Amino acid sequence: MNNLPDIAFKVRQHIIRMSTDGGCFVGASLSAADLIVYLYTSFLNINKDNLDDPDRDYLFLSKGHDVPALYGTFAEIGLMDVERLKNHLSVDDNIYWHPNTKIPGIEFHSGSLGHLPSVALGVALDIKMRGGKNRVVCILGDGELNEGTCWEAALVANAHKLDNLIFVVDRNQFQANMATEDLIPLEPLHDKFTAFGAAVKRIDGHSFDALHEAFSAYPFETGKLNVVIADTVRGKGLPSIQARADRWFCNFTHEEVESLLKELAGDETTNLTSETLVVR
Amino acid sequence: MSYEELLTELAVNDERFIVMTAENRALIRNLPAKLGKRFVDTGITEQTMVGAAAGLALRGRIPVLHALASFLSMRAFEFVRTDAGIPNLPVKLSAFIPGFLSDGNGATHQAIEDVAIMRGIPNVTVFAAADEQDLVGMIETIWNSPNPAYLRINTRKTDYQHTPFKIGKAEVIAEGTDVTILTYGLLFEQALIAVDILKEQGLSVGLLNMRSLKPVDEAAIIKVAKTSKLLVTLEDHFNTGGLYSIVAETLLKHQTAAKVMPYGLDKWFKPALLPDVLAYEGFTGKQIAEKILGYSTNAIQPEIATPEFAE
């Protein structure tokens, strides 16, 4: 646990370095970074030696565009060669804006929202049918909860009492263009999931202690879908883009990247001149 | 004039228009302020947006819907078929980043079966814009037609001056007796380059912009089949169900034989930035020309602009 902030810091550096020469969805990647680092280092039984083991755990990254956080985490835990991150968007590799299974450790491709709650549900159902003990985590975006299929999956998980399935909502308060509450309000989100039959915990998604306390309580209630609503900040770690609706997909200049890396370390703020509201 | 400017002009002055989006605002950033309640963002809910659009159309509105092509054509498919197609309601779909325009997003975002899917629905008409000028020249006609319509949006700029748009008519760019390229959408700009290279090699080359894919210009297809030794169906779409299929169906219907080279995709393409995608997949103008010729040339491929999605 002690070194988690250091790992998360390095993952954020990787994310920032991928946000140029074509760019990436930097805001969502930074909001999910601590969740993803915590889960791979401290909760999930997933490593480079057990990827073919049917008894290992699973993580499905449903919102998809936060995959730079996953690439960075994979580099830090030895699932991916760190040098490979330099191939981001290269036509000669497979490291692009959404997850794909040509990268060992990625369970399923995503990018079309509201798909992986159902896929994760299927995996969890099979594990239950076979009497397995492995746990299935699905990370969702809060904007993604607009999609009805997320709620269908919750209904079905409830019907099958899938307490081996954990939905983690990266509640960074923004979808692509604006604050979630200004478009399709989600609150009271805790109550919504509770009404769907889930056992819900709402925590600070940037606190490793809070993450540890929540996940240590798995399964939250016997026979119930586990839901963790992780309150996070879009662009966490970079004050110049934090919680900004117009900084979703970012394609920074090389100079901005150097400045943002210093900003991440707390040394300076960045004067951003690159285009905002880039849509991919 | 841009897509957004024309949409604004039409919608502000005509109460029938409702501009909708499933949280994809790249083309319509300024519409909320201009339209007030007639701008409806349903959030990331493609299916619900299409169903709601059908309800609005039942009440006499013309809903113009914006979402990524893959989600509009595939996720919302049954809603388009059942709620807009069966009752033949004027629900107008503006499909963003179709085909290669999804560049680095990956297979989830690659709409390269959308033409096949959408043209398979009775009543639904299907169109593709060769560039921004072509797009702006076609939308008023499409939106004023009584049918549901699926439009592949393309806001890239070329120097070509298009002729007026008519539903069911191809745009004849050039006529030739050796080879005729039939294409639509983004690849129009590469086809222009390919035509120049082929002409330099001494061939008589034709080019059709098949901007109305359904209804399609059967007469134009039959004419080039009879006057050109080789037809090339060039598309950023699977060969199955796209223009290659449309041409094959048309030839069979009219009992006309022709030599046709399918120049489309058989699988999902490699995600990367657009210029790299085109080169990797063999769709630059120079690559197209050389594949048709069967040999290499000294032609120079002009630089391909990266997409401008920033508003």
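The values are calculated or read from the model by the stated rules, or taken from the named source; none is laboratory data. Please read all numbers here as calculations on a predicted model, not as lab measurements. Please note: Cβ atoms are built from the backbone with ideal geometry, for glycine as well, and neighbour counts cover all protein chains shown.
Within segment B:201-215, if we keep just the residues that are buried (at least 21 other Cβ atoms within 10 Å of the Cβ) and not in a strand (DSSP E or B), the residue that is farthest from the chain's Cα centre (by Cα) turns out to be B:MET210.
From the list B:PRO63, B:PRO90, the lone residue that is in a loop (DSSP other than H, G, I, E, B), at pLDDT 95 or above, out of contact with any His (no Cβ under 7 Å at 6 or more places or on another chain) and surrounded by 20 or more Cβ atoms within 10 Å (Cβ to Cβ) is B:PRO90.
Being in contact with a strand residue (DSSP E or B) (Cβ under 8 Å, 6 or more places away or on another chain) and in a helix (DSSP H, G or I) is the filter here, so list the residues in segment B:102-134 that pass it. Across segment B:102-134, the qualifying residues are B:SER102, B:HIS109, B:ASP114, B:VAL115, B:ALA116, B:MET118, B:ARG119, B:ASP134.
Looking at segment B:249-293 only, could you name the residues that are within 14 Å of another protein chain (Cβ to nearest Cβ) and among the β-branched types (Val, Ile, Thr)? Passing the criteria: B:VAL277, B:THR284.
Here segment B:138-195 is the region considered, the condition is being outside any loop (DSSP other than H, G, I, E, B), polar (S, T, N, Q) and within 23 Å of B:ALA225 (Cα to Cα), and the residue that is nearest to the chain's Cα centre (by Cα) is B:THR183. Please find, within segment A:163-188, the residue that is nearest to A:SER31 (Cα to Cα) out of those that are touching a residue at least 60 places away in the same chain (Cβ under 8 Å) and facing chain B (nearest Cβ under 10 Å). Among residues in segment A:163-188 that are touching a residue at least 60 places away in the same chain (Cβ under 8 Å) and facing chain B (nearest Cβ under 10 Å), the one nearest to A:SER31 (Cα to Cα) is A:ALA176.
The one condition from (1) within 14 Å of chain A (Cβ to nearest Cβ); (2) under 25 Å from B:VAL115 (Cα atoms) that B:PRO32 does not meet is (2). Test A:THR273 against the stated conditions and say whether it is closer than 13 Å to A:ILE16 by Cβ, surrounded by fewer than 16 Cβ atoms within 10 Å (Cβ to Cβ) and within 14 Å of chain B (Cβ to nearest Cβ). For A:THR273, the condition - closer than 13 Å to A:ILE16 by Cβ, surrounded by fewer than 16 Cβ atoms within 10 Å (Cβ to Cβ) and within 14 Å of chain B (Cβ to nearest Cβ) - is not met. Return yes when A:ALA75 is among the hydrophobic types (A, V, I, L, M, F, W, C), assigned to a helix (DSSP H, G or I) and crowded, with 24+ Cβ neighbours inside 10 Å and no when it is not. Against the criterion (among the hydrophobic types (A, V, I, L, M, F, W, C), assigned to a helix (DSSP H, G or I) and crowded, with 24+ Cβ neighbours inside 10 Å), A:ALA75 does not qualify.
Here the condition is being crowded, with 23+ Cβ neighbours inside 10 Å, more than 23 Å from B:THR141 (Cα to Cα), within 13 Å of chain A (Cβ to nearest Cβ) and under 23 Å from the mean Cα position of the chain (by Cα); of B:THR21, B:THR108, it holds for B:THR108 alone.
Of all the listed residues (A:HIS98, A:HIS109, A:HIS65), the sole one being surrounded by fewer than 23 Cβ atoms within 10 Å (Cβ to Cβ), under 22 Å from B:HIS109 (Cβ atoms) and either more than 17 Å from the chain's Cα centre (by Cα) or within 12 Å of another protein chain (Cβ to nearest Cβ) (or both) is A:HIS109. Residue check: is A:LEU59 assigned to a helix (DSSP H, G or I), within 20 Å of A:ILE229 (Cβ to Cβ) and more than 14 Å from chain B (Cβ to nearest Cβ)? It is false that A:LEU59 is assigned to a helix (DSSP H, G or I), within 20 Å of A:ILE229 (Cβ to Cβ) and more than 14 Å from chain B (Cβ to nearest Cβ).
I need the full set of residues from segment A:234-256 which are crowded, with 21+ Cβ neighbours inside 10 Å and touching a helix residue (DSSP H, G or I) at 6+ places or on another chain (Cβ under 7 Å), in order please. Walk me through how you get there before you give the answer.
The initial filter retains those residues of segment A:234-256 that are crowded, with 21+ Cβ neighbours inside 10 Å, namely A:234-238, A:241, A:247-250, A:252, A:256.
A:ARG234, A:GLY235, A:LYS236, A:GLY237, A:LEU238, A:ILE241, A:ARG247, A:TRP248, A:CYS250, A:PHE252, listed by residue number.
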